[in-house]
Amino acid sequence: MKRNGSKRMLRSTLVFSVAGLSWTLAACGGDLFVGDPPEDTENPQTPPPPYVGSGECASEDERERDHYETWRRTMNDFSTLAGTSWHGTLVSGVGRNISKPLRLDIEQDQTATVTFGDADPPPPATEADKGYLCDGPTFECTIDTDGVPYPLHGALLDGEQLTLSLLGTSPWTEWCALQTPNVWEPDTSPCSFEAVPNLGFAAGEDRTLCWAYEDGLGGASGMGGEALTFTDDQLVDCPWAKMLIYDGTYCDCSSDGCFPATNEHAIEFSLTVSEDGQSLSGILPHSRISPEGTIELRRVD
């Protein structure tokens, strides 16, 4: 399968809103905030420095990274919830018959994570040419992020309304950084980059062997209905091929590196803070993380 010449757009920004609160994006002084800018708290945060492009692709790089950098630099304001932990379940599936542990951990410094499942965190990504968090050695591998903490940015507590934002591709932050940016269309878009060149790929019948090839069928023999044949130097890791060539929605790239793919379109859902402040509940819509499900959390600190 070969992707067309247009870059794939991801995708996977999740926004939690409590009691029906929705987020809008508003630019102010060069920074983008979700809702109102966070107010000063007892634990003020310093955002990381802004990304500044350089070289002949500087403006295109800044535009490509804009949404990710905006999300990454937006600080949290949990107010009185700082320093608390919440454990519970996400119940999903047809008839709500699948239950998975879920936890929300909020630190005193206002950083926070959401973790789906109770597995131990996976080892960090270390191999650029291997798939990551795709369970199984074949092209049919299944994405598995149980136990992976998803960092939160832009959280806001306003009375009983709590808004959280997580990026569905954040578990692949380090893995994407291992990838090498490749110009997608050198002749027409010299400053448009992806984690792989404009490749095609093929998988064997048992999906354990995969081959990548450039320029249509370049290097692959067999035309006019004949079976294609490949050489050993075209072999690639099948999970890697699935994630970066077939799917292509995990990493975006600028000329100087790759990062988790993002999208300005948000998936929203509501949580409700109980009157006694000891529970959170709501509905998670279908996303790349999970089917639609019901969230029930209890404060455990």
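Just give me the residues in region 223-270 being among the β-branched types (Val, Ile, Thr), at pLDDT 85 or above and over 18 Å from Thr173 (Cα atoms), in sequence order. Hit for region 223-270 is Val236, nothing else. Report yes if Phe201 is modelled with pLDDT of 85 or more, assigned to a strand (DSSP E or B) and of a type outside the set (Val, Ile, Thr), otherwise no. Here the answer is no, as Phe201 does not meet what is asked. Mind listing whichever residues of region 228-256 are crowded, with 18+ Cβ neighbours inside 10 Å, of a type outside the set (Asp, Glu) and part of a strand (DSSP E or B)? Selection gives Val236, Cys251, Cys253, Ser254. Say we look at region 128-157 and pick out the residues that are more than 18 Å from Cys238 (Cα to Cα) and among the β-branched types (Val, Ile, Thr); which of these is modelled with the lowest pLDDT? Among residues in region 128-157 that are more than 18 Å from Cys238 (Cα to Cα) and among the β-branched types (Val, Ile, Thr), the one modelled with the lowest pLDDT is Thr145.
Answer yes if at least one residue in region 147-160 is buried (at least 16 other Cβ atoms within 10 Å of the Cβ) and either under 15 Å from Arg288 (Cβ atoms) or charged (D, E, K, R) (or both), and no otherwise. Looking through region 147-160, at least one residue is buried (at least 16 other Cβ atoms within 10 Å of the Cβ) and either under 15 Å from Arg288 (Cβ atoms) or charged (D, E, K, R) (or both).
Name the single residue that is surrounded by the fewest Cβ atoms within 10 Å (Cβ to Cβ) among those in region 60-102 being without any contact (Cβ under 8 Å) to a residue 12 or more places away in the chain and polar (S, T, N, Q). Applying the filter and picking the extreme gives Asn97. Considering the conditions (1) under 19 Å from Gly83 (Cβ atoms); (2) within 19 Å of the chain's Cα centre (by Cα); (3) of a type in the set (A, V, I, L, M, F, W, C), Cys141 is excluded by exactly one of them, (1).
Within region 103-119, the residues that satisfy the criterion of being surrounded by fewer than 19 Cβ atoms within 10 Å (Cβ to Cβ) and part of a loop (DSSP other than H, G, I, E, B) are Glu107, Gln108, Asp109, Thr111, Gly117, Asp118, Ala119.
The set of residues from region 51-96 being assigned to a loop (DSSP other than H, G, I, E, B) and on the phi > 0 side of the Ramachandran plot comprises Gly55, Gly83, Gly93, Gly95, Arg96.
The residues listed here are Glu185, Glu160, Glu107; of these, the one that is within 25 Å of Leu244 (Cα to Cα) and either at pLDDT 90 or above or in contact with a strand residue (DSSP E or B) (Cβ under 9 Å, 6 or more places away or on another chain) (or both) is Glu185.
In region 124-195, counting only strands (runs of 3 or more DSSP E) that sit wholly within it, none holds 2 or more residues that are within 18 Å of His67 (Cα to Cα), of a type outside the set (Gly, Ala, Ser) and out of contact with any Pro (no Cβ under 8 Å at 6 or more places or on another chain). Residue by residue through region 277-301, note down the ones that are closer than 15 Å to Leu81 by Cα and not in a strand (DSSP E or B). Hits for region 277-301 are Gly277, Gln278, Val300, Asp301.
The values are calculated or read from the model by the stated rules, or taken from the named source; none is laboratory data. Keep in mind that this is a model prediction, so the values were computed, not measured. For neighbour counting, all protein chains shown are included, and Cβ atoms are generated from backbone atoms with ideal geometry for every residue, glycine included.
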